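Working notes, beginning with the structure itself.
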Amino acid sequence: MGYDAARIEVLEGPEAVRERPGMWVGSTKERGLHQLVFMVMGQAVNEVLATGTGSVDVTLTSDGGVRVADDGPGAGFEAPATGDTGGPGLEALLTSLAAGSEPSGRHTVVVGDLGMGLFVANALSSRLTAEVRHEGVRRTQEYARGVALAPPCAVGPAPGSGTTIAFWPDAEIFETTCCSFAVLAERFRQVAFLNRGLGISLTDERPTGGARTVRFRFPGGVRDFAAALDAEAGARLHPDIVSFGREDPRMAGTMEVALCWTGSREERVRGFANSRATDQGGMHVDGFRDGMAAAVTAYARKRELLSARDPDPVADRIGEGLTAIVSVKLDRPEFLGATRGLLGNAEVRACVSEAVREHLGGWFEENPERAARVVERIVRDTRD
């Protein structure tokens, strides 16, 4: 039997996603289920951050659904009129892969490993309802497995503005539809740390003993993140945290860095790019280590803590007892590796290195007693 074009099956719309769900969310197990939540959560976070700071509330409902509500501007179901600014309307985001393709840019937050958006979440849900509150009117629309049951309709007045997406992951697709409260809470906490002023809450209505809620908002941003990591490691003393932010046009983006040394011997350095965790590191983390080594070496030689014959401190010695957050937000991030956990923008390395060397060197000069304790320990370890 021959094989020709007539035998090629072209799937479009929700069917394409439902036929090969692993291509879109990575797995039909719990990990893929969480990606579904992160896709909807990411859309809400970006709606809020587009107009400044605000809040996103996520609820795991008792009937197995997930409700994501934000207090953003409440973008309409239809696209803005010609000449207006803004992207596609909510209905297009829910029904078109092209409209909801992966976002990019320094002002965009990618909450999960994948960022295909509302279209995929809609296609992989047995049911989804969308509500928009805008200009005093509440409008809703309902979907079943990615297909609209009716056009959007006005259902009454609404105070304030915002968007609410409620969805029920499809048990025909996923092996489990029970989200982990702990996994979601940890990722939401990270996003709140990395976007100062953003409020995020997670409520679980499923426990028989009553609902539980956690809320995250961190005015100190990455500085609060570093302090929290250090506290979780059992630090007994509040450390001196060095933190700074800088915009650098050479890398078309911004950086935020926070670091501190404690009495521990463990190194805890966490890298992020556009709020995505870069577990394999990358150019921003390499640049951070370069800058650290340069600042420590320059201070040690200036204060004659190192002789001319002593070698420069090596990176692994400098990192002992170090807790640090290195977060960059780029217009054109380049993620490498099968899991996209490695940042590849080469220009980022020199920019971060320069900034860390300058800011940490300045902190050393302004705090000579504390600097001496840190650098002397590094130098002593290098000689051992």
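What follows is calculated from the coordinates using simple rules that are stated; it is not laboratory data. Here the structure is a predicted model, which is why all the values come from computation and not from measurement. Every residue, glycine as well, gets a Cβ built from its backbone with ideal geometry; the counts of neighbours run over all protein chains shown.
Tabulated data
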| quantity | calculated |
| --- | --- |
| The range 222-383 - percent relative contact order, Cα under 8 Å, separation 6 or more | 31 |
| Set of the range 199-229 residues, backbone N closer than 14 Å to the point 7 Å along the Cα-Cβ line of residue 277 | 229 |
| Pairwise label distance in nanometres, residue 301 with residue 155, each label 7 Å out on the Cα-Cβ vector | 6.9 |
| Estimated distance in nm for a label pair at residue 172 and residue 206, the labels positioned 7 Å out from Cα along Cα-to-Cβ | 2.2 |
| Label point 7 Å beyond Cα of residue 15 along Cβ direction - residues of the range 116-145 with amide nitrogen under 17 Å | 123-124, 144-145 |
| Cβ-based exposure ranking for 34, 359, in which fewest neighbours within 10 Å come first | 359, 34 |
| Per-peptide average of other Cβ atoms within 10 Å, ordering 241-251, 264-274, 287-297, 302-312 highest first | 287-297, 264-274, 241-251, 302-312 |
| Length-normalised contact order of the chain in % [C-alpha pairs under 8 Å, at least 6 apart] | 15 |
| Rounded to 5, percent antiparallel among DSSP beta bridges of the chain | 80 |
| Near-label residues of the range 301-318 by backbone N, under 19 Å of a point 7 Å along Cα→Cβ of residue 265 | 314-318 |
| Ellipticity estimate at 222 nm from DSSP helix runs (n ≥ 4, -39,500 (n - 2.57)) divided over the chain, nearest 500 | -10500 deg cm²/dmol |
| Rough spin-label spacing in nm, given labels placed 7 Å along Cα→Cβ, for residue 366 and residue 309 | 3.8 |
| Karplus-derived 3J(HN,Hα), 6.51/-1.76/1.60, for each residue of the range 193-202, Hz, glycine and proline x | 4, 7, 10, 4, x, 6, x, 9, 10, 10 |
| Dipole moment magnitude, nearest 20 debye, the chain about Cα centre, only Lys, Arg, Asp, Glu C-beta charged | 780 |
| Residue-span extension gain [residue 181 to residue 215] - 0.36 nm each, minus C-alpha spacing | 11.0 nm |
